[in-house]
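These notes are about the structure you will find just below.
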Amino acid sequence: MLIYNAEIHTMDSRGSIDNGWLEVEDGKIKALGEGSPEAVPGDSIDACGGLLLPGFIDAHTHLGIIEDGLDFEGDDCNESTDPFTPQMRAIDGINPFDRCFEEARMRGITAAASSPGSANACGGEIAAIKTYGRRIDDMLIRNCGIKFALGENPKNVYNGREETPVTRMAITALIREGLYKARRYVHDMDSYYSDSENYDPPEYDIKCEALMPLLDRKIKAFFHCHRADDICTAMRIAKEFSLDPVIIHGTEGYKIADILAEENIPVICGPLMCDRCKPEMRGLELKNASVLHESGVKTAICTDHTVIPIQYLPLSAQAAVKGGLSLDDAIMTITAYPAEILGISDSTGTISEGKDADLQLYAKGCNPLDLMSEPLLVMIDGNVCRREI
């Protein structure tokens, strides 16, 4: 397929191509350029000067793991029978037939990170997925990290049961204990493989196995934090175990934006369009994403679906514009930046040769973040999911 006569916003160092064309082949972006293409095949699309963007990416959701319109039966987000469960994998709980996948696609959201919840000090493995498909294995981009949670949520869940943890100290101690065990497990495994005559292999531990890629920095540590002090605790744990950290929510990030920038720690900011529904969110401000970005913090915006329905991700970015972020930067927070933060920028998030054909097209002069905007064309891995042109 060829798309021509388009204003292409690559969202990378190449910038914008005012009058450009793009060719898709075998689900990938084969080529793009400026001006008119040499030939126009029969299945080509005249964009009529419209805006061609990479698909939007929601960097933190519970898409498919909390199903639309269902209560307990469709909620597989929190295995809250044990406060430390790194062995849980989001892909084992995601239902790709949930109607919200279609609602995401129709609004140009081509990828999302679906995460275990925040009831536990460690909730499990986060999956970065495409929003098109019928089998989650085929939709998976990569398992991108382990979800930890600090503060109010684990406290509330386990205080109600009169079980550990009921304090921030205990939450952090549980995380530290689990990571120390995994570190020793790795050491014992290395000893066995290097000298099997003198060392026995450690007894299989599924929790330690799940944490091994984290300690090797092959995947990232995603910390659910709202308060500034909890964000600093996440930094402390990350330093202690040489983890590659990401802050989810970061509601009070603006209070320590300079520290986050100095430590080079990204923030997935959101939800933005909600009330201050619990004590940890008393500091919620629309300026958060703007302050973080201006301070040099790599910032993505999320819906935390189902808190905010995923189709309102562009509107959430627009809310950040009201809080001081520029329109161009707001689009970056739901395209290139989340791809980089999730570790999937080699395949999606920008428009360049060789990347997945995750694309969306808007009418000329349209603001893609506006509430009333709808894409004329949505493509995921070269599959046309929506076409109004």
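The values are calculated or read from the model by the stated rules, or taken from the named source; none is laboratory data. A quick note: this is a predicted structure, and the numbers were derived from the prediction, not measured. Positions of Cβ are generated from backbone atoms using ideal geometry, with glycine treated the same way; all protein chains shown enter the neighbour counts. Note: areas computed on protein heavy atoms with side chains; ligands, DNA, RNA excluded. Shrake-Rupley method; radii C 1.70, N 1.55, O 1.52, S 1.80 Å.
Mind listing which chymotrypsin sites (Phe, Trp or Tyr not before Pro) in region 175-255 are in a DSSP loop and have 13 or fewer other Cβ atoms within 10 Å?
Values: sites: Y180, Y185, Y192, Y193, Y199, Y204, F222, F223, F241, Y254; in loops: Y199, Y204, F241.
Sites meeting the loop and neighbour criteria: Y204.
Distance between the C-alpha centers of region 350-389 and region 210-250? Whole Å please.
33
Would you tally the net charge around A257, using a Cβ to Cβ cut-off of less than 13 Å, leaving A257 out, and scoring K and R as +1, D and E as -1?
Taking every other residue near A257 into account, the sum is -3.
So, R0 is 30 Å and r is the distance between the beta-carbons of S80 and M212; what FRET efficiency does that work out to, to 0.05?
0.80
Viscosity 0.692 mPa s, temperature 37 °C: Stokes-Einstein D of region 67-119 from its Kirkwood Cα radius, in µm² per second? Intermediate results must be reported in sequence, preceding the final value.
On the way: Rh = 12.5 Å.
For these conditions, the coefficient is 262 µm²/s.
With an 8 Å cut-off on Cα pairs and a minimum separation of 6 or more residues, tell me the relative contact order of region 121-188 in percent.
The value is 27 percent.
What Kirkwood Rh does region 22-156 have if only Cα atoms enter the pairwise 1/r average? Answer in Å.
The Cα-based Kirkwood calculation yields 17.0 Å.
Per residue, how much accessible area does region 190-238 have with a 1.4 Å probe, in Å²?
55
Excluding G27 itself, calculate the net charge of residues whose Cβ lies under 9 Å from the Cβ of G27, where each Lys or Arg counts +1 and each Asp or Glu counts -1.
Charge balance in the 9 Å sphere: -3.
May I ask you to list the lysines whose Cα is less than 19 Å away from that of K28, ignoring any residue fewer than eight positions away on the same chain?
Within reach: K130, K355.
Among the listed pairs K207/K278; K155/K255; K147/K322, which are separated by more than 25 Å between their Cα atoms?
The answer is K207/K278; K147/K322.
Given a Förster distance of 35 angstrom, what is the FRET efficiency for L327 paired with A39, based on the Cβ-Cβ distance and rounded to 0.05? Can you show the working numbers first?
Values: r = 35 Å, r/R0 = 0.99.
The calculated FRET efficiency here is 0.50.
Eigenvalues of the Cα gyration tensor times 5, then square-rooted: what semi-axes does that give for region 266-373, in whole angstrom, largest first?
Output for region 266-373: semi-axes of 23, 16, 13 Å.
At 1.4 Å probe radius, can you tell me the per residue accessible area of region 1-62 in Å²? Let's see the in-between values first.
Values: 2610 Å² over 62 residues.
Result: 42 Å² of accessible area for each residue.
Expressed as a fraction of 2.2 N^0.38 Å, the rule-of-thumb size for a compact globular protein of N residues, what is the C-alpha radius of gyration of region 145-268?
Compared with the compact-globule rule of thumb, region 145-268 sits at 1.20.
Among all stretches of the chain without exposed trypsin sites (Lys or Arg not before Pro) (DSSP loop, at most 16 other Cβ atoms within 10 Å), which one is longest?
Answer - 15-133.
How high is the relative contact order of the chain? Use alpha-carbon pairs under 8 Å, at least six apart in sequence, and give a whole percent.
Reported relative contact order: 19 percent.
Relative to the first principal axis of the alpha-carbon coordinates of the chain, what is the inclination of helix 228-240, with its axis defined by its Cα atoms, in degrees from 0 to 90 and to the nearest 10?
The angle comes out near 70 degrees.
On alpha carbon coordinates alone, what is the Rg over Rh value for the chain, Rh being the Kirkwood radius?
1.00
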